[in-house]
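Notes follow once the structure below has been shown.
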Amino acid sequence: MIACLGRIVQDTDADSIPDDDVSTLSESLDLQGTIESGGITGVAGKDFGGLYSVKPLALIKPSGTEDIARVVNAASRTSHLTVAARGNGHSINGQAMADGGFVIDMRSTEENHFKPLTIDGSHYIDVSGGALWEDVLKRCVSMFRLAPRSWTDYLSLTVGGTLSNAGVSGQAFRFGPQTSNVTELEVVTGKGEITVCSETQNSELFFGALGGLGQLGIITRARVKLQRAPDMVRWIRVVYTEFEEFARDAEFLVTQEESESFDYVEGFVFSNSDDPINGWPSVPLDPDHEFNPAYIPQTAGSVLYCLEVALHYRNSDRPSTVDTAVSRLLERLGSIQRLKFQLNVSYVEFLLRVKQVEEHAKANGNWDSPHPWLNIFISKSSIVDFDRTVFRKMLKDGVGGPMLIYPLLRSKWDSRTSVVLPEGEIFYIVALLRFVPKGPTVEKLVAQNHEIIKWCNKEGLDFKLYLPHYQSKEDWKRHFGNQWTRFVERKTNFDPMAILAPGQKIFKRTHIIKP
């Protein structure tokens, strides 16, 4: 096996692995799955961000967990090979790439696990780390009328991929991120060991892998908490001119008891203009809805704020009952009264709402364009300053896509995971989701992202990057702060040769060869 791997990697200038070498490599690894040439133009050499491209040695399509373990073990017997798990390729800065190494296509394992369980009266589903959340949703609802409790906005992401980061959406204020809604994992560590872990079994690996950026292991199975799925959703958007009023109402909603709030709370910033992407037209929920700017007070500034909320209900509920519940909640808010948009949609349709955005973006060619996105967690203590300088000045004309902002509660996150957060109980997620054409604009917007982060550091804002990407160990140490030592210890325990997730650029591959 070692001779085979050595012969293949000698010719580093080749555009791809020769067919005979792929065949030899497959035989040497003794995989049940398949191996394809890497190549810089293949799917394994790029991601959704479109900002980086590398040439992996090979793309592995495993049949199951044992194949993944064999690949990691093979890499450990060399001095330099690395392994990256690729879900649906939606990383932004090359995090799921392995330059000259193995990329594992987790989607080939998506059907390996789908098993409902009831434990002490609570419902769970065992699913593959390579399964898409949208498929988990559809199958759970159609088969059991159950659904996971916490989501991401976009569901064409893999279970293992989001759990390796956090998994955040408008339900996280109530149930916490997706990492707070799993009770068991199966993980292939950087030692090539297949390990089942939970809060009580191999707990360091369990909590370390959750939000661990793929550094400690590849998640091959997850046990996800389920709840009864509602039938319908009342989807609502209201508008504010002042950030302080928007933030006050959003924070009020996320801190209320379940019966006194909505089931989903998010928000976004938009330009006070008729720009079709960044302005007023981005607010209505239906083409028949009209945003009338005449209702905007003359005192409004360069940007406005939209609070997006949703209430779950059942087909058996009377419309008047739903109307009354919604009205009771809305009357407590200080939004512009005549700028309110509502829509009734099915629960599944609501959760797949971004799928329509994807289809539209693919139709006009924007989906495959570069996406210099920036995602930040910012403490409540710093968010007003951020709004004043970043939203109202730097980004007042928009970013060519949504600018999300909404509050989350630190108490809903487990501090034992590898996720790092700003201080304080209330913090905000800010997501600048840019869709831009290729060319100089991309470099300009990447520079703007750097400018925003530089300004945050200069002004001493309390923040952490979500889906972080840094180039130096010093930056990573600053990111993890007082959790850095724990993270390094976990890395040493579960991936001592730094084989896994090289695209994160946190640790360098060691040259110790496994005997």
Write out, first by first residue and then by second, each pair whose Cβ atoms fall under 6 Å of each other, whose residues are 6+ apart or on separate chains, and whose first residue, in the stretch 444-458, is assigned by the TED database to the domain that holds GLY398 and within 18 Å of SER382 (Cβ to Cβ) while the second is modelled with pLDDT of 95 or more and assigned to a helix (DSSP H, G or I). ILE452/VAL390
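So that you can scan it fast, the table gives a plain yes or no per residue for (1) more than 30 Å from PRO276 (Cβ to Cβ); (2) surrounded by fewer than 19 Cβ atoms within 10 Å (Cβ to Cβ); (3) within 19 Å of the chain's Cα centre (by Cα):
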| residue | (1), (2), (3) |
| --- | --- |
| VAL430 | no, no, yes |
| PHE463 | yes, no, yes |
| ASP475 | yes, yes, no |
| PHE480 | yes, yes, yes |
I'd like to check something: does the stretch 178-185 contain any residue that is assigned by the TED database to the domain that holds GLY398, open to solvent by 10 Å² or more (accessible area, probe 1.4 Å), charged (D, E, K, R) and more than 18 Å from the chain's Cα centre (by Cα)? no
Flag if LEU307 is touching a helix residue (DSSP H, G or I) at 6+ places or on another chain (Cβ under 8 Å), more than 20 Å from PHE391 (Cα to Cα) and in a strand (DSSP E or B): no
Would you point out the residue of the stretch 36-84, among those that are assigned to a strand (DSSP E or B) and over 29 Å from GLY365 (Cβ atoms), that is nearest to the chain's Cα centre (by Cα)? VAL83
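Tally time: how many residues in the stretch 369-394 are outside any strand (DSSP E or B) and within 18 Å of the chain's Cα centre (by Cα)? First the steps, then the outcome.
Initial filter on the stretch 369-394 (outside any strand (DSSP E or B)): 369-373, 380-394.
The next check asks that each one be within 18 Å of the chain's Cα centre (by Cα); those that pass are 370-373.
Result for the stretch 369-394: 4.
Enumerate the strands (runs of 3 or more DSSP E) found wholly within the stretch 399-493, keeping only those where 2 or more residues are of a type in the set (Asp, Glu). Write out each step before concluding.
Numbers: elements: 403-409, 426-432, 463-465.
No strands (runs of 3 or more DSSP E) qualify here.
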Somewhere in the stretch 494-515, is a residue assigned to a strand (DSSP E or B), within 30 Å of ALA361 (Cα to Cα) and at pLDDT 95 or above? no
Mind listing whichever residues of the stretch 265-315 are exposed (fewer than 13 other Cβ atoms within 10 Å of the Cβ) and either of a type in the set (Val, Ile, Thr) or free of Cβ contacts under 8 Å to residues at least 60 places away in the same chain (or both)? ASP274, PRO276, ASP286, PRO287, ASP288, GLU290, ASN292, ALA294, TYR295, PRO297, GLN298, THR299
GLN342 passes all but one of (1) in a loop (DSSP other than H, G, I, E, B); (2) in contact with a Lys or Arg (Cβ under 8 Å, 6 or more places away or on another chain); which number fails? (1)
What's the number of the condition SER320 fails, among (1) in a loop (DSSP other than H, G, I, E, B); (2) more than 26 Å from the chain's Cα centre (by Cα); (3) not aliphatic (A, V, I, L, M)? (1)
Looking at ASN375, is it surrounded by 12 or more Cβ atoms within 10 Å (Cβ to Cβ) and polar (S, T, N, Q)? yes
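Can you confirm whether the stretch 20-30 contains a residue that is in a loop (DSSP other than H, G, I, E, B) and modelled with pLDDT of 60 or more? Outline the logic, then answer.
To start, the set of residues in the stretch 20-30 that are in a loop (DSSP other than H, G, I, E, B) comprises 30.
From what is left, the residues that are modelled with pLDDT of 60 or more are 30.
The answer is yes; a qualifying residue exists.
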Would the stretch 355-364 turn up any residue that is within 21 Å of LEU155 (Cβ to Cβ), of a type in the set (Gly, Ala, Ser) and modelled with pLDDT of 95 or more? no
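Report the residue count in the stretch 48-62 for those that are in contact with a Ser or Thr (Cβ under 7 Å, 6 or more places away or on another chain) and either under 18 Å from GLU186 (Cβ atoms) or surrounded by fewer than 24 Cβ atoms within 10 Å (Cβ to Cβ) (or both).
Of the residues in the stretch 48-62, the ones in contact with a Ser or Thr (Cβ under 7 Å, 6 or more places away or on another chain) are 48-50, 58, 61-62.
After this cut, where a residue has to be either under 18 Å from GLU186 (Cβ atoms) or surrounded by fewer than 24 Cβ atoms within 10 Å (Cβ to Cβ) (or both) as well, the list is 48-50, 61-62.
Residues in the stretch 48-62 being in contact with a Ser or Thr (Cβ under 7 Å, 6 or more places away or on another chain) and either under 18 Å from GLU186 (Cβ atoms) or surrounded by fewer than 24 Cβ atoms within 10 Å (Cβ to Cβ) (or both): 5 in total.
Here's the yes/no breakdown for (1) open to solvent by less than 10 Å² (accessible area, probe 1.4 Å); (2) under 24 Å from VAL309 (Cα atoms); (3) out of contact with any Asp or Glu (no Cβ under 6 Å at 6 or more places or on another chain):
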residue	(1), (2), (3)
ARG392	no, yes, yes
GLY400	no, yes, yes
LEU404	no, yes, yes
LEU408	yes, yes, yes
SER415	no, no, yes
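The values are calculated or read from the model by the stated rules, or taken from the named source; none is laboratory data. A quick note: this is a predicted structure, and the numbers were derived from the prediction, not measured. As a convention, Cβ positions derive from the backbone with ideal geometry for all residues, glycine included, and neighbour counts pool all protein chains shown. When the accessible area is computed, the model is the full protein with side chains, heavy atoms only, and any ligands, DNA or RNA have been set aside. Shrake-Rupley method; radii C 1.70, N 1.55, O 1.52, S 1.80 Å.
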